[in-house]
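Asker: Right, I'll just put the structure down here and ask away after.
What follows is calculated from the coordinates using simple rules that are stated; it is not laboratory data. Owing to the predicted nature of the structure, the values given are computational and were not obtained by experimental measurement. As a convention, Cβ positions derive from the backbone with ideal geometry for all residues, glycine included, and neighbour counts pool all protein chains shown.
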Amino acid sequence: MKKFTILVVIICAVTQLRAQQMPLYTQYMMNEFLLNPGSGGKNDFFEAKSNNRYQWKGITDAPRTYILSVDGPLKSRKVGVGGYLFTDITGPTRRTGIYGSYTYHLKINEQIKLGMGLSAGLLQFTVDGSKINLHDDADVALDGSLQSVLLPDFGFGLNLYSKQFNIGFSAPQLVQNKLNLYNSNSSIGSKLEDHYFINGAYRYRPNEDFTIEPSVLVKVLKPVPTQIDAGLKVSYRELIWLGGAYRSLDAYSAMIGLCIKKHITFAYAHDFTFSNLKNYSSGTHEILVGLRFIKTTEAKVPSFE
């Protein structure tokens, strides 16, 4: 059994070089800036958030993802700035990135704005061959050494939003740089792949106390099947909320969160996988902590928070 689970992790780690290359997290509706630079600085305050994800608990060397982001508006409110860094660890592989973004918010009318964002950063991909036990010690593809490559990355995003709704499109990894981790003849050789994200949400207030927010995220990455995340979050007086989500081909999720004095946010999500991994994993844990600070005062179109 142990050999099987280790084999699963190694296969997932290696194939990620050609498949999903962006951090995965369930609570996307809580920090859409990570998906779309067009949403950077749309609120009237700066906010720092930490996302920590522990995937497939119970499986040795399963994926772990740590993300720290900050974004907010400049004084004019027409420009938003931000950045984030992340590390994504799966067995012998590690992906680390640092990004900065610039967003211009165009006023469409008194209620609607369009955020147009650009992002730029650096990505580092690392494989530690010493952590992999090979059947054939003469295999030159994974020779036991530590291999790393550092690449520039660029992306853009559009985000149309108002007090009630939010619609976004983003395209990270615009330049498909090659990942030459080992020799050029290795089958592990790959490149940064095209990713396209489409997200949307609607905010409905049936009364003064409750807010209902359905949301959806579509992730397109060829030749991997398109993945759809759909979620629903119900908040009470913007202080506490419960939610659920569904990720196609992967898992169901349950979420809970708390906001203290409108400045500190705590949120937790648990994924219940329905793939074959359910026989070996107790699920996935995800923790989010947020801090709001540096609130600006100039009037602005109400944002979708």
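Asker: FRET efficiency for S148 and E208, Cβ-Cβ distance as r, R0 = 51 Å, nearest 0.05?
Answerer: Working: r = 54 Å, r/R0 = 1.06.
About 0.40, to the nearest 0.05.
Asker: Which of the lysines could a cross-linker span from K49 if the Cα-Cα distance has to be under 20 Å and same-chain partners fewer than 8 positions apart are dropped?
Answerer: Filter leaves K233, K261, K262, K295.
Asker: Calculate the spin-label point distance for E110 paired with A48, positioning each point 7 Å from the Cα along the beta-carbon direction, and give it in nanometres.
Answerer: 3.9
Asker: Another question about this same structure. Taking the number of other C-beta atoms within 10 Å as the exposure measure, put T284, T273 in order starting with the fewest.
Answerer: Details: T284 24, T273 20.
Sorted ascending by nearby Cβ count, the order is T273, T284.
Asker: If the cut-off is 26 Å between C-alpha atoms, which lysines fall inside it for K178, apart from same-chain ones fewer than 8 positions away?
Answerer: K131, K191, K219, K222
Asker: Defining a contact as two alpha carbons under 8 Å apart and six or more residues distant in sequence, what relative contact order in percent does the range 2-295 show? Walk me through the numbers on the way to the answer.
Answerer: Values: 777 pairs, mean separation 47.7, N = 294.
It rounds to 16 percent for the range 2-295.
Asker: For L122 and I228, calculate 0.36 nm times their separation in residues minus their Cα-Cα distance, and state this gained length in nm to one decimal. Before the final figure, lay out each step's value.
Answerer: On the way: separation 106, 0.36 × 106 = 38.16 nm, distance 2.73 nm.
Stretched fully, the L122-I228 segment lengthens by 35.4 nm.
Asker: Next question, about the same structure. Highest mean first, how do 235-242, 26-33, 116-123, 205-212 rank when packing is the count of other Cβ atoms within 10 Å averaged over residues? Walk me through the numbers before you get to the answer.
Answerer: Values: 235-242: 13.9, 26-33: 24.2, 116-123: 19.2, 205-212: 11.2.
Final packing ranking: 26-33, 116-123, 235-242, 205-212.
Asker: Just subtract the alpha-carbon distance of L174 and I256 from 0.36 nm times their residue separation and send over the number in nm, one decimal.
Answerer: 26.1 nm
Asker: Find the Rg to Rh ratio for the range 2-295, where Rh is the Kirkwood radius over alpha-carbon pairs and Rg uses the same atoms.
Answerer: Working: Rg = 19.9 Å, Rh = 20.1 Å.
Answer for the range 2-295: 0.99.
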